[in-house]
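Notes to accompany the following structure.
The values are calculated or read from the model by the stated rules, or taken from the named source; none is laboratory data. Since the model is a prediction, treat every value here as computed from it, not as a measurement. As a convention, Cβ positions derive from the backbone with ideal geometry for all residues, glycine included, and neighbour counts pool all protein chains shown.
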Amino acid sequence: MKKKTAGCSSEHLLYLKKQRRANLTVQAARILLLVLLLGLWELLAGLEIVNPFITSSPSRICRTIADLYGEGTLFYHIGVTLGETLAGFAIAVVGGYLIALALWWSEMLRKIAEPYIVVLNSLPKIALGPLIIIWCGTGSEAIIAITVLIGIIIAIMNMLGGFLATDKNKILLLRSMGAGKLQILQKLVIPSSLPAFITMLKINVGMAWIGSIMGEYIVSKAGLGYLIVYGGQVFKLDLVMAATFILCLLAGMMYFLVVLLEKLTVKNDRQ
């Protein structure tokens, strides 16, 4: 820390101090707001101002999670959904990135494929659920396929937009210096599209969870989506809320990892 602030003016040090204080204030306010909301929820349910059978409560959710842990099924269901989500997320990101590269490379291919990409993006993916089950079976493969289908179009469109947004003047400069298309891609297009890549990851985190839970709604024998469906069918709404709470935690952790990656890449770029 001393190395970073060495040689800085007193005004700059004061600015950094204010920034750190503002960040701490924001973090504290977020935690306080969460505690207040959970406390209010628990109070309203405890006083039966709201029906705890319908709305559940934080304490009932904690007990349900403890029961699942005691039964030895908690981490099994988490592992099933997490594995499906990560697999679909990875395939969608890698596949979307490579397809976007191909579309950037070939303008003819881009003009041919563009209307089909737009149509696939606007198509309700759940409508293809029965077909995917027939094609892929009733196992995890179908759920992963739905997750990929939801995420890959978004990955293609975001990354293609990032590639095409590369500064045209810089491309002309590299061409004037004798750089080929592959060199322009490696030295300019891919590095300059890093913000678009991070944005695409952030969006696809949510899309991956939507896809996996949607798939488990349609066909599943295990997983958090299965618990939500089962809990709704037998009116165990504490189970529904508990599974939803765990989903929120997992999605938040996954998003936090993407934000951490963003901070590391921005730091490396500045260095």
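The table below lists the values:
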{"quantity": "Enumeration of residues in region 33-65 that are touching a Leu at 6+ places or on another chain (Cβ under 6 Å) and among the hydrophobic types (A, V, I, L, M, F, W, C)", "calculated": "V50"}
{"quantity": "Near pairs, Cβ below 7 angstrom, 6+ apart or cross-chain, from region 88-104 (farther than 14 Å from V205 by Cβ) to any residue that is surrounded by fewer than 22 Cβ atoms within 10 Å (Cβ to Cβ) and not hydrophobic (A, V, I, L, M, F, W, C)", "calculated": "L103/R110"}
{"quantity": "First in region 115-142 and within 18 Å of I210 (Cβ to Cβ) and not assigned by TED's automatic domain parsing to the domain that holds V80, second anywhere and at pLDDT 80 or above and charged (D, E, K, R), Cβ under 6 Å, 6 or more apart", "calculated": "none"}
{"quantity": "Residue selected from region 191-220 under the condition outside any helix (DSSP H, G or I) and touching a Ser or Thr at 6+ places or on another chain (Cβ under 8 Å), by the criterion surrounded by the most Cβ atoms within 10 Å (Cβ to Cβ)", "calculated": "S193"}
{"quantity": "Single condition A145 does not satisfy, out of (1) of a type in the set (G, A, S); (2) crowded, with 16+ Cβ neighbours inside 10 Å; (3) closer than 18 Å to E107 by Cα", "calculated": "(3)"}
{"quantity": "Hey, F256 touching a residue at least 60 places away in the same chain (Cβ under 8 Å) and assigned by TED's automatic domain parsing to the domain that holds W104 or not", "calculated": "no"}
{"quantity": "The listed residue being buried (at least 16 other Cβ atoms within 10 Å of the Cβ) and at negative phi, out of I65, I49, I31, I54", "calculated": "I65"}
{"quantity": "Residue match in region 161-181 (condition: closer than 18 Å to I210 by Cβ and at pLDDT 80 or above)", "calculated": "no"}
{"quantity": "From K170, K263, residue being under 26 Å from I91 (Cα atoms), in a helix (DSSP H, G or I), free of Cβ contacts under 8 Å to residues at least 40 places away in the same chain and not hydrophobic (A, V, I, L, M, F, W, C)", "calculated": "K263"}
{"quantity": "Candidate set from region 121-141 (those that are more than 20 Å from the chain's Cα centre (by Cα) and of a type in the set (A, V, I, L, M)); member that is surrounded by the most Cβ atoms within 10 Å (Cβ to Cβ)", "calculated": "I132"}
